[in-house]
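A.B. asks: There's a structure below that I have some questions on.
No value in this document is a laboratory result; all are computed from the given coordinates. Just so you know, these numbers come straight off a predicted model, no measurement behind them. Cβ placement follows ideal geometry from the backbone for every residue including glycine, while neighbour counts extend to all protein chains displayed.
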Amino acid sequence: MDSSVFTEVNPNDMSSKLTRDIAAHYQQIIESIGEDPGRDGLQKTPERAAKAIQFLTKGYDQDPAAILRSAMFDQEYNEMVLVKDIELYSLCEHHMLPFLGKAHIAYIPNGKIVGLSKLPRVVDVFARRLQVQERLTIDILNCIQDTLEPLGVAVVIEAMHMCMMMRGVQKQNSVTTTSAFTGEFQKQPTRTEFMNLIGKKLH
């Protein structure tokens with residue numbers, strides 16, 4: 001790699017050694033695909049890309065269970081609590097291309113409730129890692145079940161995958177749905193109520 005070109009990125013302006021190291025790899029990728037990292041539009045691209053990938057994978061440095069525990073309250077309430085249409089953005093671990101969509105989460109308290117904003121934060125923590133949608137669904141479910149110990153948890157994720165849309169089969173309108181259930185949501189009446197509330201019908 002031509003270090004004289006890399007100095008155009010102004011490495012001293014980068015916030016950490018990690019950012020500089022990742023930027024160096026991005027510069028090598030840019031060179032390898034036949035582009036000129038020294039031209040105006042690309043001079044700062046390695047730095048920008050390095051900071052972007054660190055943001056998109058910041059979930060590795062966060063503890064989702066601690067987020068839930070920070071806002072847990074004693075409350076005698078044993079009906080369904082549902083937060084739906086939670087936006088999510090993640091990176092497919094197979095191609096490192098985005099997948100995006102929404103998550104629907106419900107739980108039935110067992111003496112403990114959690115601040116509603118914490119459920120989307122848990123989604124963000126797990127989504128900001130290299131993922132597959134199936135594991136993302138289970139990660140969210142298990143975290144809520146293990147931390148809150150509710151009577152049941154339901155998680156449904158609907159997402160569109162750029163690795164299917166931009167490359168490969170190039171199907172533009174396909175949506176992948178995954179689901180996972182524990183406790184009371186494994187019983188048909190409760191699961192049906194949940195699915196109806198999020199606008200999905202069981203067949």
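A.B. asks: Can you find, among PHE126, ALA180, CYS143, the residue sitting farthest towards the positive end of the charge dipole of the stretch 63-197, where Lys and Arg contribute +1 and Asp and Glu -1 at Cβ?
C.D. replies: Highest projection toward the positive end goes to PHE126.
A.B. asks: Among all the lysines, which ones have a C-alpha under 18 Å from LYS84's C-alpha, if same-chain residues fewer than 8 places away are not counted?
C.D. replies: LYS102, LYS118, LYS200, LYS201
A.B. asks: Let me ask another. At R0 = 35 Å, how high is the FRET efficiency between GLN188 and ARG121 if r is their beta carbon distance? Nearest 0.05 is fine.
C.D. replies: Plugging the Cβ-Cβ distance into 1/(1 + (r/R0)^6) gives 0.70.
A.B. asks: Per DSSP helix of 4 or more residues, -39500 (n - 2.57); summed, then divided by the residues of the chain. What does that give at 222 nm, rounded to the nearest 500?
C.D. replies: Rounded to the nearest 500, it is -11000 deg cm²/dmol.
A.B. asks: Here is a follow-up. Could you work out how far the C-alpha centroid of the stretch 51-112 sits from that of the stretch 153-203, in angstrom?
C.D. replies: Cα centroid to Cα centroid, the span is 16 Å.
A.B. asks: I want the local charge near VAL114. Using Cβ-Cβ distances under 12 Å, sum +1 for each Lys or Arg and -1 for each Asp or Glu among the other residues.
C.D. replies: Counting the neighbours of VAL114, the net charge comes to +2.
A.B. asks: For the chain, give the magnitude of the charge dipole about the Cα centre (Cβ charges: +1 Lys/Arg, -1 Asp/Glu; no others), in debye to the nearest 20.
C.D. replies: Value, rounded to 20: 420 debye.
A.B. asks: To make sure I understand the rule: partners must be lysines, Cα under 17 Å from the Cα of LYS17, and not fewer than 8 residues away in the same chain. Which ones qualify?
C.D. replies: Answer for LYS17, where 17 Å is the Cα cut-off: LYS44, LYS51, LYS58, listed by chain and number.
A.B. asks: Sticking with this structure for a sec: Test of understanding: what is the full-extension gain from TYR89 to LEU18, defined as 0.36 nm times their sequence separation minus their Cα-Cα distance?
C.D. replies: Result for the pair: 23.2 nm of gain on full extension.
A.B. asks: Here is a further query. Once you've got the GNM for the chain with C-alpha springs shorter than 10 Å, pick whichever of ALA71, ALA159, ALA127 has the biggest mean-square fluctuation.
C.D. replies: Per the Cα network of the chain with a 10 Å cutoff, ALA71 tops the list.
A.B. asks: Using 7 Å Cα-to-Cβ label points, what is the MET162/LEU82 separation (nm, one decimal)?
C.D. replies: For the pair MET162/LEU82, the computed spacing is 3.2 nm.
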